[in-house]
Amino acid sequence: MRVLTALAPPDLTLARAITTDDGMPLVGRGTRLGRRYLRMLHDEGVRVLHCEEDPRVDPWIRIPEVDDYLRALDARFRPVEGDRRAMALKDAVRAVYLDFLDGLER
């Protein structure tokens, strides 16, 4: 699962190692992230954490996979497919979300 570093609760376990821009290891896979690690990663500019599944993490903290989000967006707007304004809103929401995700992955 992916979570925003700023919202991550302590004691999550990393599913993927975190490296610096030049490939040097910063924190290894399997590391349990205490408050100190989370603060350090946030200060280093790490915006997204790839963590092992954890039932303590609320859905609103998780970053949904792009395909899942787009399917849910399509389903939400399906009842108003004939409404041009609603479709314009859907396109705007989609664009903003994809831009948001793109910014997180940098």
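The values are calculated or read from the model by the stated rules, or taken from the named source; none is laboratory data. From a predicted model like this one, the values you see are computed outputs, not experimental measurements. Note that each Cβ is placed from the backbone with ideal geometry, even for glycine, and that neighbours are counted across all protein chains shown.
Looking only at residues in the stretch 55-89 that are surrounded by 15 or more Cβ atoms within 10 Å (Cβ to Cβ) and out of contact with any Lys or Arg (no Cβ under 8 Å at 6 or more places or on another chain), the one that is nearest to P9 (Cα to Cα) is V57. Which residue pairs have Cβ atoms closer than 7 Å, lie 6 or more positions apart in sequence or on different chains, and pair a first residue in the stretch 67-79 that is in the same structural domain as A95 (by TED's automatic domain parsing) and without any contact (Cβ under 8 Å) to a residue 40 or more places away in the chain with a second residue that is in a helix (DSSP H, G or I) and among the small types (G, A, S)? Going by the 7 Å Cβ cut-off, the qualifying pairs are F77/A86. Looking across the stretch 6-26, the residues that are surrounded by 10 or more Cβ atoms within 10 Å (Cβ to Cβ) and more than 16 Å from R56 (Cβ to Cβ) come down to A6, R16, A17, I18, T19, T20, P25, L26.
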